[in-house]
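A short reminder: the numbers here are calculations on the coordinates, not readings from a lab. What you are looking at is a predicted structure, and each value in this text was computed from that prediction instead of being measured. Positions of Cβ are generated from backbone atoms using ideal geometry, with glycine treated the same way; all protein chains shown enter the neighbour counts.
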Amino acid sequence: MTITPLTDPARPRRLAWLASDRGDILCTTAVVAADGEIAGFTELVVPGDGAGDAQHYGTGVLPEHRGHGLGRWMKAEQINRTRARFPRLDGLLADTADDNAAMRRVNDALGYRPTHRSALYQLDLNRP
């Protein structure tokens, strides 16, 4: 299970402290369902001086709330708020896995464009 604000409500506070310790600013946008639970979230870390590039850290929507455009709405709202609050930012970066088709569609719709590719390798140290 991936730990997110949807599964660990203390995560945003820990991430905010970590970002703050580095001199950065965590911005979180969330959608709260009618029952009071978080239905979705998106996180962005902005350099402390408000300049350069900010980095998306995560976006998630609970399965029962998917298919309504919440991911796109949250990221769009976050972009608008970020532009207003940090006018000296050059850009927003988002790392998105090739197999995450839903988030790739959201990012494409919002104007994000691929700039690089990376590969993740894993070595099983318990294997002879």
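Search region 87-100 for residues that are touching a residue at least 40 places away in the same chain (Cβ under 8 Å) and pair each with any residue that is hydroxyl-bearing (Ser, Thr, Tyr) and surrounded by 12 or more Cβ atoms within 10 Å (Cβ to Cβ) when their beta-carbon atoms are under 8 Å apart and the residues are at least 6 apart or on different chains.
Cβ pairs passing all conditions: Leu89/Thr82; Leu92/Thr82; Leu92/Tyr112.
Ala109 versus (1) in contact with a helix residue (DSSP H, G or I) (Cβ under 7 Å, 6 or more places away or on another chain); (2) surrounded by 16 or more Cβ atoms within 10 Å (Cβ to Cβ): which is the lone unmet condition?
So Ala109 meets the others, but not (2).
Please go through region 99-128 and give me each residue that is acidic (Asp, Glu) and farther than 21 Å from Glu43 by Cβ, ordered by number.
Scanning region 99-128 gives a single hit, Asp124.
Could you check region 52-106 and list, in sequence order, the residues that are part of a helix (DSSP H, G or I), surrounded by 13 or more Cβ atoms within 10 Å (Cβ to Cβ) and hydrophobic (A, V, I, L, M, F, W, C)?
Listed by number, the residues that qualify are Leu70, Trp73, Met74, Ala76, Ile79, Ala102, Met103, Val106.
Could you check region 26-46 and list, in sequence order, the residues that are touching a strand residue (DSSP E or B) at 6+ places or on another chain (Cβ under 9 Å) and without any contact (Cβ under 8 Å) to a residue 40 or more places away in the chain?
If we filter region 26-46 for residues that are touching a strand residue (DSSP E or B) at 6+ places or on another chain (Cβ under 9 Å), which is where we start, we get 26-33, 38-46.
Matches in region 26-46: Leu26, Thr28, Val32, Ala33, Ile38, Ala39, Gly40, Phe41, Thr42, Glu43, Val45.
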